[in-house]
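Nothing in this text is a laboratory measurement; each read-out follows from the coordinates by a stated rule. Small disclaimer: the values here were computed from a predicted structure and weren't measured. Note that we place each Cβ from the backbone using ideal geometry, even for glycine, and neighbour counts take in every protein chain shown.
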């Protein structure tokens, strides 16, 4: 169904972005862009004016509801004891609508915040600091990974650190996207972060100079002579096509097995996750997306096509920071009995959000769908349990999860 298909944006349109991600590169992850026709703000909230009873009687019930909202805004902006501008009241109305959804992912963003979010959807980050973050189950902004050769890589920021303040402002209760937009800024300007390190029970502050740096999609290398080891950092447009070329090269060099490391992968582009799964599957379901669009229930089932690497042994690494699209990929490979999963239980994000840009440049986000693994289950709030559980000790200097994955792939390669 076209509701979930990728379309190119042309002209001046209302843009929607479906999000299959649980966290962000201080920058964000995204899936699709759509065109959609929605009423513009000036069509809904027109200038103040009186309406005759005859004109009102000709309106539909929906038009009357919109008119009532407009009249409320006009009246309150002019007469309420507590003065509010029309713009403030419009924002309050939008937030009220989103608040009625009982959706923890729903949020409103100002024009500036939304612009910052959109700038983050790039393979090259400009004005960022080079940290991947997520919102943990305590609603805290938690560092997942520091990007190599980024401004933050030169400083003492570690996985698990919690961001508490940005430029002295407490970020408690803020949406993750809003925190991201506050941290991003012009290249060569500075941003101050206050962090809390749970392992040492200490609070500390750092000043970071924003910069421009590459956001890697993945790295691939040969280890132990004949194992292709792939660290897939996030699902980006065209990423799996590039991985295919790398795997071809490694297999030509003698790779007899593949370890796909999806640890700390917070998600990204659904098309990329599907393409990656298709490399290793020849039939079966990869994922089903069920939601609502244009007032109707809809769904799309993504089926596997004949893959390229059907016989090469495959082990997938996951952990608590493996989320959304990475859980989708790991779950599809597991359910289709194509891979052994090693590591720790995944994050558990099985919902899809969309970002709408509104006519004034502000934006809204809310949940529109859930995705389901081939087994038919939703992992939202549950996560995926690996076939072989291996806990990583943060204090250990060795990567016991990777070592176990190597051990398992060697068994499969015999």
What FRET efficiency do you get for residue 169 and residue 299 if R0 is 45 Å and r is their Cβ-Cβ distance, rounded to the nearest 0.05? 0.60
In whole Å, what are the Cα extents of the range 125-214 along the three principal axes, biggest one first? 31, 24, 20
Quick check on packing: order 172-183, 343-354 by the mean number of other C-beta atoms within 10 Å, highest mean leading. 343-354, 172-183
Mean separation of Cα contacts under 8 Å (6+ apart) over length of the range 125-214, as relative contact order %: 34 percent
For the range 287-414, what are Rg and Dmax over the alpha carbons, in angstrom? 17.8, 61
